[in-house]
Each structure stands twice: as structure tokens, then as C-alpha cells.
Amino acid sequence: MAVIAIKRVYDPPATGDGYRVLVDRLWPRGLTKEAAALDLWAKDLAPSPDLRKEFNHQPERFAEFRHHYLGELSKNPAVAAFRAELKRRKVTLLYGAHDRVNNHAVVLAEFLRKGAESTPAKKPARRSPKPAARKKPAAPARKKTVRKKPR
């Protein structure tokens, strides 16, 4: 699994960022594509517009926002598609919010890390030995009927 880092998209890109993914639904104000240096813009991983507006980056609402956003992520098909990107060495989730602690990228990173822990390893799980096969009762013998040839 990749190391998942979190960083503001306005911070300068670094060589150690690895695969840079913007996880905001809206493009960050005043930032050019070149300055963002993105590898992927994953809009579908961001919270729904209604949830984002309800949260409105108010720290006192973060616990409730986190709860609802985790619910959205658990049902979001884009998360399953994004897990393929986590095979990389390092993935940096980029966000535009000012608050470095109470933002959706923190919740998303937590969700992705826990999901990776709960996914089964490539090695198959040990199974208990199969119970001895039951013998099927023998089918009753069929009676052979002999047909007489017409004379």
C-alpha cells in the first residue's frame, strides 16, 4: 500500500510528494494547472456539494461532517476505482481549505488507510480442513427388462 500524505494544494510541489491528487470538487482559486502540478483531479472523492456547504469549514461542525462524509465514502464507487492508485509508493492528497486539521482530505486519508487494512492480503487465508466427504447411498439397482423380438 502507498504512503498517504496530505498537503495543501497551495503549498509548493516537492519531489517527495509522489503521485499528486487533488481531492476537491472545485478548482482552487487563483491556482494554475502548472502551479498545481497534479497527476490526477479526483473530484468524485470530494464530499457532496450539500455536505460541503452544510459543513462550511466550521470546526465545531467537523465531527458531524466527518460522520456523514465517511457514510458517503462507503457508498461511493469512485473510491473503489481510486484504490488502484494506492499501489503506488506514495500518494499525496491535495486540498484547498485553510484549516489543516478540520478538512475532508484528513477524513479521506483515514478512510483509505483503514480500507487498506481491512482488505485481505494477496495470500489466501488459511482454511480449516475440509470435513470428510459423506458417502452417498448407493442407488437401487435397476431391473433390466428384456424385450422379446417379434417373430
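The values are calculated or read from the model by the stated rules, or taken from the named source; none is laboratory data. Only a predicted model underlies this, so the values are computations on that prediction, with no experimental measurement involved. Glycine gets a Cβ as well: all are built from the backbone with ideal geometry, and neighbour counts include every protein chain shown.
Quick notes
- Looking across Ala116, Ala125, Ala97, Ala121, one residue alone is more than 21 Å from Val9 (Cα to Cα), surrounded by 13 or more Cβ atoms within 10 Å (Cβ to Cβ) and either modelled with pLDDT under 90 or over 21 Å from the mean Cα position of the chain (by Cα) (or both). It is Ala116.
- Strands (runs of 3 or more DSSP E) (entirely within region 1-104) containing at least 3 residues that are touching a residue at least 24 places away in the same chain (Cβ under 8 Å) and out of contact with any Pro (no Cβ under 9 Å at 6 or more places or on another chain): 3-8, 90-95
- Test: residue in region 14-24 that is closer than 18 Å to Glu110 by Cα, surrounded by fewer than 17 Cβ atoms within 10 Å (Cβ to Cβ) and either small (Gly, Ala, Ser) or under 15 Å from the mean Cα position of the chain (by Cα) (or both): no
- Qualifying positions in region 77-111 - touching a strand residue (DSSP E or B) at 6+ places or on another chain (Cβ under 7 Å), among the β-branched types (Val, Ile, Thr) and within 20 Å of Phe65 (Cβ to Cβ): Val106
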